[in-house]
Structure formats: structure tokens, C-alpha cells
1. In whole percent, what relative contact order does the chain give with Cα contacts below 8 Å and a gap of six or more residues?
2. Of all DSSP beta bridges in the chain, what percent run antiparallel (nearest 5)?
3. Mind scanning K97/K284; K3/K97; K262/K312; K101/K284; K56/K101 and naming the pairs with a C-alpha gap bigger than 19 Å?
4. In nm, what is the difference between 0.36 nm times the number of residues separating K297 and E257 and their Cα-Cα distance?
5. What range in the chain is the longest one free of GluC sites (Glu not before Pro) that are in a loop by DSSP and have at most 14 other Cβ atoms within 10 angstrom?
6. Which value in nm describes the separation of the simple spin-label points at I311 and N228, placed 7 Å from the Cα toward the beta carbon?
7. Gaussian network model of the chain, Cα springs within a sub-10 Å range: biggest mean-square fluctuation belongs to which of N73, N31, N134?
8. Straight-line reach from K193: which aspartates and glutamates have Cα under 17 Å away, leaving out those fewer than 8 places along the same chain?
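Since every read-out is calculated from the coordinates, none of them should be taken as a lab result. Bear in mind the structure is a predicted one, so any value in this text is a computation, not a measurement. We place every Cβ from the backbone using ideal geometry, glycine too, and count neighbours over all the protein chains shown.
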Amino acid sequence: MDKRSKIYVAGHRGLVGSALKRKLESKDYSNLIFRTHRELDLTNQQAVNEFFEREKPEYVFLAAAKVGGILANNTYPAEFIYENLMIEANIIHASYKCGVKKLLFLGSSCIYPKLAPQPLKEEYLLTGPLEETNEAYAVAKIAGIRLCKHYNQQYGTNFISVMPTNLYGPNDNFDLETSHVMPALVRKFHEAKVNNEPEVVIWGTGKPYREFLHVDDMADACVYLMENFNTDDIGEFVNIGVGKDITIGELAELIKEIVGFKGEIRKDLSKPDGTPQKLLDITKLSSLGWKANISLKDGIRQTYEWYQSQIK
Ligand code: GFB
């Protein structure tokens, strides 16, 4: 990739896509292309093909996806599997047809079996049953990985895949029903503080472990991999994480402290816990020379500041 390369970031308004846009712009990549959902429906094959034929991007970051937290995944599985399969298949096939030089596909750590040994090594893919709450999303993401793998195998393309752990940061979805745990708790603790409420309710037992990576670190890793490595160096895919996790209960205490909420934390046991742990093994990523920079505390502080700036 050179600074004048034509680079398409699919999903540039989302959590990851917007961070990729910021990162690429800060590194002086000057020929970036984007389309909003309204301008280009990525589930529409003909529209995607026409867009690729017209624009002929050289590099593609496939960060467009239908995403959500545990409840959204569990409530709308048909939408999660259909939309993600369509988006991936359309973009990956059009990238092959139009001779894209390199594509980076974003998967998710939920592709691993529910009860796989921890930390999760790349080779554990498809070695056991998936977590039920996000099986639809996981199956779609596994299909994306395998699309890249088999296009590389049959057509000699250079499509690399990365598996991020749970991400958070600016431009996240803060809707309490559909969001992930981090934005949900930032909002809940903030609202409880300003409204002088006695307690904040968190879902589940608080016992599951999760690993959190700030999205600016994620974008840094993606651009680093695109700049320096090809599918031969990476293999089928590479995990992107920090190598450390905490319980949801500990996360709640941390956010409570950062926000400055003085009340109690109550658990709603009618809500699902999801997978008990999904800590990524980052040995391969480390061997490629990348590590995260933003500590969890700093990342939460920055996200809380961003959230406050948006609701003013
Ligand atoms: O982030 P989250 O929604 O998704 O939930 P997953 C993580 C954990 O936080 C679960 C608990 O144990 C939740 O029960 N939790 C506690 C809460 N309070 C809350 C809350 O107010 N809101 C939410 N959302 N959770 C998703 C998958 O799994 O992770 C996706 O569904 C994707 O497919 C994504 O892989 C990264 O980590 O369980």
C-alpha cells in the first residue's frame, strides 16, 4: 500500500471503520473511498458489483457488518446471519473479480467453540460447538474467513483475515438494548450518576471473562498488517487482542470508579451470561511485531469523555 493507493473502507461510519478512517488519514493515505449505507447497500450484489467496477479500489478493509451485543445477537439471529453473509460474499467476490490487490476481513472472537481451551489459539477454529447466543453471527464470520481462504487457494488472491477480541471506543453503539457491555455500562453508570439513582443493573452473573481492545489499537493493528504482511505470512487468520481479560463484575467496578458513581451494582440474573471466557492467544500477532498500546483504564476514560461530548 502506498500513500496514493485507492483504498475502500467498507463500514466507515461504524466503530471499526471510523477508527480505520482516522488511522489511514493520520498516516496521510490520500485516496480513500467510502460509501454510506444509503449510497450503497452492501447486501445488494448488483450494486456492489457496479460500485467495484466503477471505482476499482486497490485495497479493501471489510469492516462493514451487522453487529450487536449478546441480546441483539440472541433476538435477531436471522438478520445477523443473512446480512453478514451477503455483505461478505458480495464484497469478497467483487474484490476478486476486480483484481483488488489485498483485502482485510474482520471476523470476531466468537468464531471459537464455546468451551475451547483458553487462551484461544487460531487452530481451535471449528473444533467444537459454538456459543448459542451468537451462533448465527459466528457462522457468518466463519464463512467470511473461509471465503477468503478458498479464494486465496483457488484464485491466488491476497485476502487476509483478522479476529478481534471485544472492541470498544468512539462511535460505538450506546443503545442499551442492542449494544455491547462496554458502551452499555458507560451509559448506565453515567445516567445513574447524573440522576442520583441508588443502583445500576448489570446483566447476568458478572462472572464471565471478557478481553477488551480499544478500537484505535485495532485500527493500528489492521493498517500495520495491511502494510507489512500477506496471506502467506499470516496463514488463515490472526487473532488481535491484548492477551489479558477481566470479569464483567470487575469491569463494572472499573467503569463505576471512572464515571464516579457512588451507588450499588445489582445483577439481573434473567439475562444471559454468554460464553464463560474468550481470551485470545496473541502469540502469532506478537511474532508479527504488533502489540496494543492503550490501557483499559485510559481507554475507558477516553470513551467516557467521547460519550459525554456526544450527549451535550
Ligand atoms: O458485550 P456483550 O453484549 O457480548 O456481553 P458478548 C458481554 C457480557 O457482559 C455478557 C454482560 O456476559 C453480558 O451478560 N453484561 C452485563 C452486559 N451487563 C450488560 C449490559 O448492560 N449490556 C450488555 N450488552 N451486556 C458478543 C457477541 O458477545 O460479543 C457478538 O454476541 C460479538 O457476536 C461480540 O462476538 C464481540 O461478549 O457475550
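1. Details: 581 pairs, mean separation 62.8, N = 312.
20 percent.
2. Values: 2 of 29 bridges.
So the antiparallel bridges amount to about 5 percent of the total.
3. On the way: K97/K284 30 Å; K3/K97 24 Å; K262/K312 22 Å; K101/K284 23 Å; K56/K101 10 Å.
Checking Cα-Cα distances, K97/K284; K3/K97; K262/K312; K101/K284 exceed 19 Å.
4. Numbers: separation 40, 0.36 × 40 = 14.40 nm, distance 1.01 nm.
Taking K297 through E257 to full extension adds about 13.4 nm, to one decimal.
5. Counting at most 14 other Cβ atoms within 10 Å as exposed, the longest clean stretch of the chain is 40-176.
6. 3.9
7. Highest fluctuation among the options: N31.
8. E253, E257, E264, E305
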